[in-house]
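Beneath this line is the structure, given in C-alpha cells, with notes to follow.
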2 protein chains.
Amino acid sequence: MAGRRETYTPQSLLEVAVTVFNERGYDGTSMEHLARAAGISKSSIYHHVPGKEDLLRRAVSHALDGLSAVLDEPPATTGRAVDRLEHVVRRTAEVLMERLPYVTLLLRVRGNTETERWALRRRRDFDHRVAGLLRQAAADGDLRPGADARLATRLLFGMINSIVEWYRPQRGGPQVSAEVVEAVVALAFTGLRPPDRGAS
Amino acid sequence: MAGRRETYTPQSLLEVAVTVFNERGYDGTSMEHLARAAGISKSSIYHHVPGKEDLLRRAVSHALDGLSAVLDEPPATTGRAVDRLEHVVRRTAEVLMERLPYVTLLLRVRGNTETERWALRRRRDFDHRVAGLLRQAAADGDLRPGADARLATRLLFGMINSIVEWYRPQRGGPQVSAEVVEAVVALAFTGLRPPDRGAS
C-alpha cells in the first residue's frame with residue numbers, strides 16, 4: 001500500500017478497513033492498525049472518518065443495503081410466495097458473493113457496540129421477512145408439509161451464509177459463481193435426491 | 001464456581017475450559033482466565049494439565065471422535081450410498097447437538113497452533129469421506145443429476161454446522177432436538193418444495 005498515500009477516497013479506505021476488520025476482528029482492530037494497513041498516518045484517517053465505528057457502520061450498511069434491496073425487487077414482491085422465495089434465495093447468494101468481504105464482516109458482528117446491535121436488528125428484520133415468505137408458501141401448499149418456517153429459514157441461511165467460509169472468486173474471473181448459485185437453489189428447493197425419489 | 005475448589009476432575013476442568021474458549025476465543029484465553037473461571041489457582045490447573053493447548057486438544061478430540069465414529073456405524077458402512085449419506089447427515093446433526101460446546105469450539109478453530117492444524121486436517125478427512133459417499137450416491141443414480149459432490153458437501157455442512165449458531169437446548173429438556181434433526185434431513189434430501197413439484 002506504500003505510495004498510495006494521499007490518494008485515499010472514503011471508498012478505498014472502506015475497502016482497506018473491511019479487510020483489516022475481517023483479519024483481526026473488529027474488536028481487535030485499532031485506528032493504528034487501519035492507518036498502517038492503509039499506509040497513511042492516523043491523523044489522515046481521522047481527516048476522512050470520525051472513527052472505526054463509522055467505518056463499521058458504512059461497511060455493514062453496504063452488506064445490509066444489498067440484501068434488503070433483494071426483498072424489494074419485483075420478482076420478490078409479486079407472484080406466488082414459493083417463487084418469490086426462490087428469487088430471494090438465489091439473489092441473496094449472489095449478493096453475498098458480490099459483496100463478499102462486507103457480508104463476511106456482517107456475519108461476524110456480535111453486538112458489542114451500538115452499531116453492531118443495529119446491524120443485528122437489521123439482519124433479524126431480513127430473516128423475519130424471509131420467514132414470512134416461507135409461511136405464505138406453506139399456506140399456499142407450495143412447501144413440503146411439516147416444514148417449520150422458522151427452523152427452515154435458519155437452516156436455509158445457515159447454508160447460504162456458509163459460502164463466506166470457503167468461497168473465493170477466481171482471479172480475473174467473475175465475482176459471482178453461477179455454479180454456486182445453482183447448487184444453493186437446487187439443494188434448497190429440490191434437495192439431494194432426484195424428484196421421483198423425493199418422498200423418502 | 002466458588003466452593004467447588006479441589007473437586008475438579010480432568011473432565012469438569014475440560015468443561016470449564018470449553019466454555020471459556022467459546023466465550024473469549026482460544027487465542028484470547030490465558031491460563032489465568034481458566035483458573036479464574038474454575039475458581040482454583042493457576043498452579044492447581046497446572047497440576048491437572050500441562051497447558052491450555054492440551055485442553056484444546058482434548059476438547060476438539062471429543063468433537064472429532066464423536067463425528068468420526070458416525071462414519072463407522074453400521075448404517076454408514078453398508079447399504080446404498082445415498083442411505084448411508086442420509087444416516088451420516090442425521091447422526092452428524094445429533095452429535096453436533098449432543099456435544100454442542102465441543103463442536104462449536106472445533107468449528108471456530110483457525111489453525112494458529114499445531115493442535116489447531118491437526119484438528120483442521122481431521123475435519124477435512126471427515127469432509128472428504130462424506131464427499132466420497134456423495135460421489136458414490138451420484139454414481140448409483142441416487143442423487144439429483146448435476147449436483148457437484150464437493151460443492152454439495154460444503155453447502156450440506158454449512159447448513160448442519162450453522163446449528164451451533166442458534167441452537168440452545170431447553171433447560172431440563174433433551175440435549176438433542178429431534179425436530180431439528182428431521183428438519184435438516186428433510187431440507188437436505190427432499191428440499192423445500194413438495195416432491196411432486198420438485199423438478200422446477
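The values are calculated or read from the model by the stated rules, or taken from the named source; none is laboratory data. Values in this document were obtained by computation on a predicted structure and should not be read as measured data. Cβ atoms come from the backbone with ideal geometry, glycine included; neighbour counts cover every protein chain shown.
With respect to the conditions (1) more than 25 Å from residue B:136 (Cα to Cα); (2) modelled with pLDDT of 95 or more, residue B:96 lacks only one, and its number is (1). For the stretch A:113-122, the criterion of being within 25 Å of residue B:177 (Cα to Cα), in contact (Cβ under 8 Å) with a residue 12 or more places away in the chain and of a type outside the set (Asp, Glu) is satisfied by no residue at all. The helices (runs of 4 or more DSSP H) found wholly in the stretch B:130-194 and carrying at least 1 residues that are more than 7 Å from chain A (Cβ to nearest Cβ) and out of contact with any helix residue (DSSP H, G or I) (no Cβ under 8 Å at 6 or more places or on another chain) occupy B:178-190.
Would you check if there is a residue in the stretch A:157-169 being among the charged types (D, E, K, R) and either touching a residue at least 40 places away in the same chain (Cβ under 8 Å) or over 20 Å from residue B:183 (Cβ atoms) (or both)? Yes: the stretch A:157-169 contains one or more residues that are among the charged types (D, E, K, R) and either touching a residue at least 40 places away in the same chain (Cβ under 8 Å) or over 20 Å from residue B:183 (Cβ atoms) (or both).
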